[in-house]
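For reference, the structure is listed below as structure tokens.
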Ligand code: NAD
């Protein structure tokens, strides 16, 4: 297959980790006979420095034309001035909005080799494999917000329309069908009218088009507890913007390191945006010590969700497992033991992907 992938390295460790994901994708292309055209474009702080804009029009145009977009991370102390006209993170918000990326997918998988890195007991987290679908462009973060004239009262409104709920529930239900067949919808229907609407619409979608799924609803406060006490019981979880924001950050602690977790943001059509969940880690930038595996796993998600290349995606995920089996660890997952550099880790993954 021929595919075009835009690489947005961004700031801090972004260029170092995206370089390793690029090498992984090159190895996939060589092994499976694909042609991936990969071009780099500026975003974030570097783009502000060069163009005065965290998302230059030329970057946005290239992204619109691509099959998939792979992002490193944006931001850093250089661009933290609160009086600045714009900030690196504005580039991220703009690209999500411009491309209509309404679904944020965050897989939470614990690697058996790293269970000791988790703050939770191994018997609780061993084997956790959850795929979160967080609604990304609606809900309270985008609802009407106001402050009273006397400054004593403020409000933010959570609104969801039927189509907004239907499209994210459908994506999550499709994914559940391809996994273990279980779907959990999380809401706060005992208190919020908007959640009662969410629950009704989600139930309609599932009973009409996905009756084969094992479907359950869980209140968000209970879900916060279940994630820590019985995370293995969940397969695909779908929820709104704010609940998803909080629950996915809670869940990201299960595997123990930010450096292992990828995410994807998808729209109804057009390219998906794939990135690690961590930031630009300015404290370790330029030292060749960052963990590239989250970004490499984000590239695997791009192969699966945007290019429909399931075998290739699994090959990358297996290669990551193999390097962990071999005992390779960057500093963040080494627990004080011996470490490898960013590029050594990327080398090892690319070699396994290439089958050499
Ligand atoms: P961060 O995720 O960049 O770093 C938190 C800690 O984790 C740091 O100690 C860092 O060294 C470590 N870390 C992160 N990724 C790592 C990796 N791959 N390998 C090894 N260690 C890793 O969060 P922060 O320090 O709060 O933010 C730094 C900058 O990143 C800020 O400017 C913030 O706005 C930005 N940020 C960007 C994104 C994004 O681009 N999507 C997300 C979060 C934060």
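General remarks:
- Alpha carbon centroid spacing (whole Å) that separates region 153-212 from region 264-341: 29 Å
- For the chain, built as a Gaussian network whose Cα springs stay under 10 Å, the top-fluctuating residue of 234, 142, 243: 142
- For the chain, built as a Gaussian network whose Cα springs stay under 10 Å, the top-fluctuating residue of 273, 93, 171: 93
- GNM flexibility winner over the chain from 217, 237, 18 (Cα, springs under 10 Å): 217
- Förster-model FRET efficiency, 22 Å R0, residue 179 and residue 354, C-beta, rounded to 0.05: 0.20
- Calculated FRET efficiency for the pair residue 89/residue 190, C-beta based, R₀ 30 Å, to 0.05: 0.30
- Sequence-separation-based contact order of region 28-147, relative, with Cα cut under 8 Å and 6+ spacing, percent: 20 percent
- Remark: relative contact order (the chain) = 23 percent; criterion is Cα-Cα distance under 8 angstrom and separation of 6 or more residues.
- For region 62-201, fraction of C-alpha pairs farther apart than 19 Å, in %: 70 percent
- Value of Rg to Rh for region 1-80, rounded to two decimals, is 1.03; Kirkwood radius and Rg both from alpha-carbon coordinates.
- Over the residues of the chain, the helix contribution to mean residue ellipticity at 222 nm works out to -13000 deg cm²/dmol, using -39500 (n - 2.57) for each DSSP H run of at least 4.
- Mean separation of Cα contacts under 8 Å (6+ apart) over length of region 311-350, as relative contact order %: 42 percent
- Antiparallel content of DSSP bridges confined to the chain, in %, to 5: 40 percent
- The Kirkwood hydrodynamic radius of the chain, based on inverse pair distances between different Cα atoms, is 21.0 Å.
- Listed by Cβ neighbour count within 10 Å, with the fewest neighbours leading, 148, 314 appear as 148, 314.
Bear in mind that the values in this text are calculations on the coordinates, not laboratory data. Predicted model only: the values in this text are computed from it and were never measured. Methodologically, a virtual Cβ is constructed for each residue, glycine included, from the backbone with ideal geometry; neighbour enumeration extends over all protein chains shown.
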